[in-house]
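Taking it in order: structure first as structure tokens, then the write-up.
The values are calculated or read from the model by the stated rules, or taken from the named source; none is laboratory data. Keep in mind the model is a prediction, meaning the values are calculated, not measured. When we count neighbours, we look across all protein chains shown, and the Cβ atoms used for this are built from the backbone with ideal geometry, even at glycine. Calculation scope for accessible area: heavy atoms of the full protein, side chains included, ligands and nucleic acids excluded. Shrake-Rupley method; radii C 1.70, N 1.55, O 1.52, S 1.80 Å.
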Amino acid sequence: MRIGVVAPSTPIRREVAERVTALAAELQPGVELRFHEQCFASHNHFAGPDAVRASAFLEYADDPSLDAIWFARGGYGSCRIAEEVLARLGPAARTKSYLGYSDAGFLLAGLYAAGFARIAHGPMPQDVRRAGGEAAIARALAWLATQDEKAVEASARGCRAAAFNVTVFSQLLGTPLQPDLSGHVLMLEDVSEYMYRTDRSMFHITSNPGVRKVSGIRLGRCTEVPENDPDFGETEEGVFRHWCARSGIPYLGRADIGHDAENKVVPFGSSL
């Protein structure tokens with residue numbers, strides 16, 4: 001199996017690629033990782049200019065010798081190329097699996113909205129730098145290589161699900177990237193956001209007519225929440241329960257996803 005790695009947002013270091021390649025050789029010897037040179041490019045905040053990032057994604061997505069696309073890391077930038085690349089993808093792109101999270105959610109959403117079948121929220125190569133990150137890489141490789149059920153978030157097994165970062169999902173609503181999530185369990189997580197911003201995003205998310213067709217919402221982890229003065233006074237669970245109750249969307253409890261090494265895989269649509 002051959003997996004192409006691209007960075008539609010922010011660059012990674014070469015040592016990340018080297019560590020992840022070594023882990024793949026040890027854990028999944030039948031897997032060949034191909035890190036596009038673009039992953040290491042640098043232009044302002046991004047892994048190369050928009051045109052370079054778009055070209056790398058299209059090159060690998062349309063390469064019939066590759067079986068999957070693994071997004072290298074989050075950060076910011078994929079929304080700047082998403083509509084362009086989605087409009088230009090060829091038939092070979094539809095046969096692949098796509099895995100990532102955080103800022104890659106813009107592309108995952110657009111791919112799912114366009115009818116791509118094997119989309120998942122889950123760990124990325126950059127996660128190897130976290131404490132316990134090797135376990136996250138092993139989980140991602142297991143799903144990419146064999147669709148291993150043990151890598152999948154337990155509450156996503158046997159149901160229609162989708163997962164996103166709260167801020168990213170809120171920002172893509174109302175754009176051409178918004179997918180139809182009718183009847184899905186929507187799982188949401190976030191990192192480094194003030195709680196009042198999460199509250200504001202959840203107002204926007206739960207007010208969206210399309211989101212009100214989901215079967216329920218699960219809360220992942222909201223980590224590294226900055227202190228606010230005055231204190232917002234509510235936890236993330238309180239925020240989620242509040243807006244679910246206000247909108248009539250069932251709150252279904254917690255999900256084992258987040259910006260950490262414990263982040264589980266959530267395949268979009270029908271699970272295993």
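Observations on the structure shown:
- Verdict on A138 being open to solvent by less than 20 Å² (accessible area, probe 1.4 Å), farther than 21 Å from E37 by Cβ and not β-branched (V, I, T): no
- Residue in segment 241-249 that is open to solvent by 40 Å² or more (accessible area, probe 1.4 Å), modelled with pLDDT of 95 or more, among the basic types (K, R) and touching a Gly at 6+ places or on another chain (Cβ under 6 Å) present: no
- Taking the criterion of being free of Cβ contacts under 8 Å to residues at least 60 places away in the same chain and touching a helix residue (DSSP H, G or I) at 6+ places or on another chain (Cβ under 6 Å), the only residue of segment 142-163 that qualifies is D148.
Listed here are the residues, each with its yes/no results for (1) in contact with a Lys or Arg (Cβ under 6 Å, 6 or more places away or on another chain); (2) farther than 23 Å from Y112 by Cβ.
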site	(1), (2)
V211	no, no
T223	no, yes
C244	no, no
G248	no, yes
D256	yes, no
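- Single residue of segment 171-220 satisfying the filter (open to solvent by less than 10 Å² (accessible area, probe 1.4 Å) and among the polar types (S, T, N, Q)) that is farthest from the chain's Cα centre (by Cα): T206
- Inclusion of E236 among residues that are open to solvent by 30 Å² or more (accessible area, probe 1.4 Å) and under 22 Å from N208 (Cβ atoms) is warranted.
- Test result for V128, part of a helix (DSSP H, G or I), closer than 20 Å to A22 by Cα and β-branched (V, I, T): yes
- Qualifying residue in segment 162-174 (condition: over 28 Å from M124 (Cα atoms) and out of contact with any Phe, Trp or Tyr (no Cβ under 6 Å at 6 or more places or on another chain)): no
- Filtering A136, A151 for residues that are touching a Lys or Arg at 6+ places or on another chain (Cβ under 6 Å) and not aromatic (F, W, Y) leaves a single hit, A151.
- Qualifying residue in segment 82-92 (condition: over 20 Å from the mean Cα position of the chain (by Cα), free of Cβ contacts under 8 Å to residues at least 12 places away in the same chain and over 24 Å from G269 (Cβ atoms)): no
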